[in-house]
Each structure stands twice: as structure tokens, then as C-alpha cells.
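First comes the structure, then the notes that go with it.
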Amino acid sequence: MDIFAQQILNGLVLGSVYALVALGYTMVYGILGLINFAHGEVVMIGAMIALAVVSILLSAFPEMHPLLTILLAGVSAILVCMALAFLIERLAYRPLRNAPRLAPLITAIGISILLQNIAMIIWGRKYKTVPQIFPTETFELFGASITSVQIFIITISAVLMTGLLVIVHFTKLGRAMRATSESQRVAGLMGINVNKIISVTFMMGAGLAAVAGILIAGNYSVVHYSMGFMLGLKAFTAAVLGGIGNLGGAVLGGLLLGLIESIGAGYIGDLTGGFLGSHYQDVFAFVVLIVVLVFRPTGIMGERVSERA
Amino acid sequence: MKHFVQDLWRKFTGNKRALFFGYIFLFVALAVLPFLLSNTVGLTWVRILDFALIYAMLALGLNIVVGFAGLLDLGYIAFYAVGAYTWALLASPQFDLHLPFWAILPIGAGMAALFGVLLGAPTLRLRGDYLAIVTLGFGEIIRIFLNNLDHPINVTNGPIGINKIDPISIGGADLTRTHELLGVSFSGAHTYYYVLLTLLFMTVVICVRLEKSRIGRAWLAIREDELAAQAMGINTRNVKLLAFALGAMFGGIAGGLFASLQGFVSPESFGLLESIMVLCMVVLGGMGHVYGVLLGAILLTVLPEILRSTASPIQSTLFGDVYIDPEALRMLLFGLALILVMLIRPTGLWPSPKRRTSVDPDIAKD
């Protein structure tokens, strides 16, 4: 088996999940200029809800078609996450919209801690295994092996990303979103309900996050109450890498970061003569983040200048 | 404490000379506090007080970066880690080095300051939340390295951490042992309390003097408006680097003291949550206000401990069982407190008097 092809493939799978989460960050940042620190926890909650629904369905209706099970779990996770995001925005961010920039950042950290601990109280401290719903099949592709779950992940992500891009660029709602991100005040004067648009943006991001949570739970077969935080940070890195506020950038950044991590972790041992090993995988995201912010703070596709006092 | 005591005394006596007695009272109260605690609620609380003092020092260091200079640092615990590990490596069986504390303390402080500059230099151009994320990444990088530097060359002992760290010893007297002095027996926790209190007092004095100095005014100017500060002829690069280095230095000293008090360090103590915890002390107490930050640090160390010792008994008497374990409850309340304080009292519990007259938030936003 070709190791390099395999690493690229793994990177693409990981990257498409990062991209989904990064889209949520970038949409919110584009409109509010706020880093929604709690976004990673929404991913975690999505995975947890889906797992809970799947286990209930598996025990209550063992005969149900696996696709229907997944679909029901996915829909309930998406709905819960959307409601959660709506509440978070309403309670923790909206009252602070005119406060100094530090304030919403700190409430975001507070929400993140809150959600993690609520999840820990409800679902416990242990890693939870995800039951296998589909029989996993492995295919050969360019000398790399790809599982049916990975194909599923890439397909779903691609469909959702395309859908989002279509919504943002070709619908009335999307036009309102873009207008709001240009200037809330002027958008309001043009008859756009800015508060509603912001809520919708948060909810769309949360929906994507829920799906990302389910996909990553399917890929790694475990979920944990702390899984969201690191994922959230990496997705944020992806958003910054692509150019924060730019949807296409988030997708590109996500895929790139996935590739960098996977290839980097695969080859760092050889490059450093065995001094650094693959458990430094998490370092890559942060090094990338720092390098990007220092040398090109606008990211690959960003146009906006980050000069703000 | 000065203004607080001053106001209190003016209200009671209207006599300025009474201030002198106020200080005497405060001094005596702080001096007998550990004995009061160890005789009423137990020696554990003296140790908790010791940790509160270390955290206070840490929070004051972060206050220089976040409160004075307005540079949001979410990876501050990295400097604490650097200080702690410097102490641990230089005074433990790990490399069989046993340097005296007066040698390690400056080395640890210097190392932390160096790392502060290392972090500060590339991030000079970043502001606000970008800076927050980069510092967060930096903190995580340090932690990941501490966790993994046990091979191929064993430096940090990996996740297991370093054990048997030397305590501070003065003139051959080991401070963690119990000593008799003038007929009074001082346990390790007591002696450490006095050492830490002295160091904290020095930190407070340095912070207050710094704030009023030319450098301190430059920091405040940068915090309020960096462009304007630059236009006024402040060398923003050097002044910001100085804030990073000085803040990191206090973090390093606090870290070293932590290592020697605990006798053990592991990467687990230096996670992101700890960074956030210290930031909360600064924010909840009152960003930029030295006494407010002190208050925040003491409250956030002592209150959770009270909660830890009372949460389970209260739950079992009320509901007959322990439903939420105290650690989770502590974090829940902690998250909630962060949100509520930001919503209700965004300047913190005890904001600095100057901060209240700060720029109109609408202008400060952009």
C-alpha cells in the first residue's frame, strides 16, 4: 500500500470535517467579528445527541433500516444544536454586541466550559464507543485503502458545502447575510432584520457542526465530552488559514490543514531523524496558525485587513 | 488594600493618623491568619492559602499583560510551566542537580521572561482575538512538548512528571519541615505562607509602582489606543515586549514556587483550563486593578475549595445522594460566573477607579 497516498486520503477525510466546522466559525466571524469559542462544543453536543438517539433506536427498533436510523439521529442532532446555538447567541452574545471585544470572547469561553461540564455530567467521563451501524467495506483507490465511512464523510461534506455556498451566493437569505456582514447598520436600513439574520447564521453554523460531530464520531468510533475543544481550535485555524470571513477559504483551509496534519504526522519522524514523533500531530495546527497570522494575517483567500484597534 | 483601608478608617474615625493603625491591624491579621486557620479548620486550609498566594502572584503577572497593556494572553500558563519545570529540572533527582533556591529563582524568572519575548516578538502586529488564539496555541505547544520530551532523550519525564523536587531551604533549614521558633512550632505550610506572603507583597509593590511609572503609563496608552500611543512617541514594540517579558517573569517565579511547594510537577497542571482560570481571576477581579486582581485570585482559589468540601455533604443531606460531583459542579459554576459577570458587571468585581472613566465603549469597539 502506498503510504503517501494513504496519508493524503486520511488528510482529505479529516480536512473535510475541519472544513465543515470552519465554515461555522467563518460565517459568525464574517458577520459579528467574534470568535465563537463555543462552536467546538456544539460539535461535541451534536455527536453526543446523535449517539444517544442511535442507541435508543437500536435497542427499541433493532429492525429499522440503518439509513433511517442515521437520518433520524442526524436530524435530531441538527435540531438540538441549532436550538443550542440560538440560545447561546441570544443569551451570551447579543447583550454584549456593543461591549468591548474582550467581553464576548470571555462569555464564549464560559459557555464552552459550561457545555463541556454539562455533557460530562450527562454522559459521563468515559470515552463512549459508537456502535457500528453499517458494515464497513474497504476499497482500493490509487494504492490507498478507503473505507465506506470515509467515502460517506467526503460525500456528505461536499454536498453540504456546495449547499451552503449556493444558499449564501444565490438566495435572498444569502444576500441578506452578505449585506449584514458588510455593515449591520446599513443592512438594517435596507429593511433586513439583522438580529434574525445573525440568529440564522449561528443556527446554520450549528447545523453544519452537528453533522461534523456525527461524521467524526463515525470516523473515530469514539466520542468524549472533551472532543470538541481541540477540534474547534483546529477548525478555527483552518478558517484563519483560508482567510477568516471567507467561505471558500474555510473549505480550502480545512482541507489544507487536514493534509498538513496527516502528512506532517506521517513524516515528522523521518524528517527529524526520530527526534519528534507522530504524537506531535496537534502541534502542526498551532504552528500553521502562528505562521499564517504572522506572515499573512488575512489568510490565503482573505481580502479583509485585520488592522483594528 | 490602601484605598480600601483608608476609606474604611475615614468612615470610622475621620482621622488620617488612624491609617497607620489600619496597616498595623492588617499586618497582624495577615500574620496570625495561618495559625487561626490551622487551629480552627485544619492545616489543609493553610496549604490552600499558600496556593491562593501563588495564584495571586500569577494573576498579577497576567494583569501586566492583559490588564495594563491590553494584550489578551490565553497561553499564560506556559510561563508558569516554564518556571515550574526550570525549578524541577535544576533541583531534583531528575538530572541530579540540586541548586539552591536563590540561584534557581532568577534562572526560572529569566527563562520565563525569555519565553515571554519569544512569544511576544512574532505576535507584535496581532491584536485582540487573533493574539488570544496565537497565545493559546503557544501555550498548547509548550504543554505538548512537556508531555512528549521523554524520548529520545528524557528531559521532562513525559506525562509522569518530575518527582521529589527540592523545597526551598534557607541556611540548611528545609522549609517543608516543622520548625520551632521562639516556642512556636511552624509547619511547612506555615513557613511557606510567610515566604509567599513576602514575595507577593513585593510583587504588589512592584506592580503598583510599575503602573504609575512611565512604562506603566505607556502600557495604558497602548491599551486604550495603540495608534495614538505610537503617535505620542511611545516605542510600542519595546514596551509591548517588556510587558510580555515582565508578565512572564512573574509567572515563572510563581511556577518555581509552585514546583517547590508541591514537590512534583506534571504537564497536567499546565493545561488551557488553568490559563483560562488565571485570566478569570484577572477579569472577575477587575482588569488592570492590582487590588481587584488580588481579590479575584483569592476568591477563585478559596471559593472552589469551600465548594469542594461542602458540595457533597449538602447534596447528600438535601437529596440523599451525590448527583453532581464537586469537580464538575465547580466548573459549572465557574463557567456560569464568567458569563454572568461579563453580562452584569463587565469591569469586574473591583474595577480600577480610572478604568470606570475609560473611553466610551462604542468608540473603544472599533
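Please treat every number below as a calculation from the coordinates, not as lab data. Note that the coordinates shown come from a computational prediction; the quantities given were computed from them, not determined experimentally. Note that each Cβ is placed from the backbone with ideal geometry, even for glycine, and that neighbours are counted across all protein chains shown.
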Pseudo-spin-label distance residue B:230 to residue A:145, built 7 Å along Cα→Cβ, given in nm, is 5.6 nm
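Please give the FRET efficiency for residue A:94 paired with residue B:33, using the beta carbon to beta carbon distance and R0 = 35 Å, rounded to the nearest 0.05.
Details: r = 44 Å, r/R0 = 1.26.
The pair residue A:94/residue B:33 has a calculated efficiency of 0.20.
Applying 1/(1 + (r/R0)^6) with R0 = 22 Å to the Cβ-Cβ distance of residue A:183 and residue B:345, what FRET efficiency is obtained, to the nearest 0.05?
According to the calculation, E is roughly 0.10.
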Cα-based Rg of the protein assembly as shown normalised by 2.2 N^0.38 Å, two decimals
1.01
Quick P(r) readout (segment B:303-353; Cα-Cα; 5 Å bins; whole %) gives 5, 19, 20, 18, 14, 11, 8, 4, 1, 0
Between residue A:55 and residue B:206, the two model label points (7 Å from Cα along the beta-carbon direction) sit apart by a distance in nm of 5.1 nm
Restricting everything to alpha-carbon atoms, can you work out Rg to Rh for segment B:254-331 with a Kirkwood hydrodynamic radius?
1.06
Per the Debye formula with a single identical scatterer at each Cα and no solvent contribution, what log10 I(q)/I(0) holds for segment A:17-124 at q = 0.10, 0.11, 0.16, 0.21 Å⁻¹?
-0.35, -0.41, -0.77, -1.12
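Mean residue ellipticity at 222 nm from the helices of chain A, using -39,500 (n - 2.57) per DSSP H segment of n ≥ 4 over the full residue count, to the nearest 500 deg cm²/dmol? Walk me through the numbers on the way to the answer.
On the way: 11 runs with 220 residues, N = 309.
The per-residue figure over chain A is -24500 deg cm²/dmol.
Looking at the P(r) of chain A, how many percent of alpha-carbon pairs lie beyond 32 Å?
Details: 12638 of 47586 pairs.
Distances greater than 32 Å cover 27 percent of the Cα pairs.
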What are the radius of gyration and Dmax of segment B:42-136, computed over its Cα atoms and given in Å?
15.7, 50
Amide H of residue A:141 versus every other amide H placed in the peptide plane: which residues, excluding those fewer than 5 positions away on the same chain, fall under 5 Å?
A:146
Tell me, what ³J(HN,Hα) does each residue in segment A:146-151 have, in order and in whole Hz, if you take phi through Karplus 6.51 cos²θ - 1.76 cosθ + 1.60 with θ = phi - 60° and put x for Gly and Pro?
10, 8, 5, 4, 5, 4
Residue (of B:218, B:186, B:34) at the positive-pole extreme of chain B, dipole from beta-carbon charges
B:218
Based on C-alpha coordinates, I'd like the Rg and Dmax of segment A:10-68, in Å.
15.9, 48
From zero outward in steps of 20 Å, how is the percent of C-alpha pairs of chain B spread across the bins?
27, 57, 16, 0
Based only on Cα atoms, what Rg/Rh ratio does segment B:67-111 have, Rh being taken as Kirkwood's radius?
1.14
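Sorted by packing (mean other beta-carbon atoms within 10 Å per residue), highest first, where do B:64-71, B:33-40 land?
My ranking of the peptides, most packed first, is B:64-71, B:33-40.
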